[in-house]
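The values are calculated or read from the model by the stated rules, or taken from the named source; none is laboratory data. Note that the structure is a prediction, hence the values are computed from the model and not measured. Every residue, glycine as well, gets a Cβ built from its backbone with ideal geometry; the counts of neighbours run over all protein chains shown.
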Amino acid sequence: MKMKLAVVFAAAGMMFAGTKSYEISLSQATKAGNVDLQAGEYKVAVNGSKATFTALKTGKSVETNVTVQTAEKKFALTMVDAETASGTNKINEIDLGGTTTKVLFQ
């Protein structure tokens, strides 16, 4: 029984180890999907249809639903496309540097 549990935990650890994260910086409070992010530095990890934002300063994480698309060319840098509407900053898209992955927020 103990051997089976060890294998399950090892496999779960490998799944999380394979998820790459990307750092972004927000100069103002911003909405990403259904979560509110304060100004600061974040690590963003995308796993399927979920994006997890982890604040570098506090380690606090929040998760939101996303749509992932593939671009024709690799992005040279990680870029955040955001806009201000009705006084609220909102992330529309994050292009992940070194990949062809576009992360879209509703």
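Before moving on, here are some points about what is shown:
- Pair list, Cβ under 8 Å, 6 or more apart: segment 23-49 residue over 25 Å from Gly98 (Cα atoms), other residue of a type in the set (Val, Ile, Thr) and assigned to a strand (DSSP E or B): Asn34/Thr64; Val35/Val62; Val35/Thr64; Asp36/Thr30
- Candidates Ser61, Ser25, Ser86 - the one that is modelled with pLDDT under 95 and out of contact with any helix residue (DSSP H, G or I) (no Cβ under 7 Å at 6 or more places or on another chain): Ser86
- Cβ-Cβ distances below 6 Å connect the following pairs, each with a first residue in segment 50-73 that is surrounded by fewer than 13 Cβ atoms within 10 Å (Cβ to Cβ), a second residue that is not in a strand (DSSP E or B), and a separation of six or more residues or different chains: Thr70/Thr100; Ala71/Thr100.
- Screening Leu77 with (1) under 16 Å from Ile24 (Cα atoms); (2) in contact with a Ser or Thr (Cβ under 6 Å, 6 or more places away or on another chain) gives one miss only, at (2).
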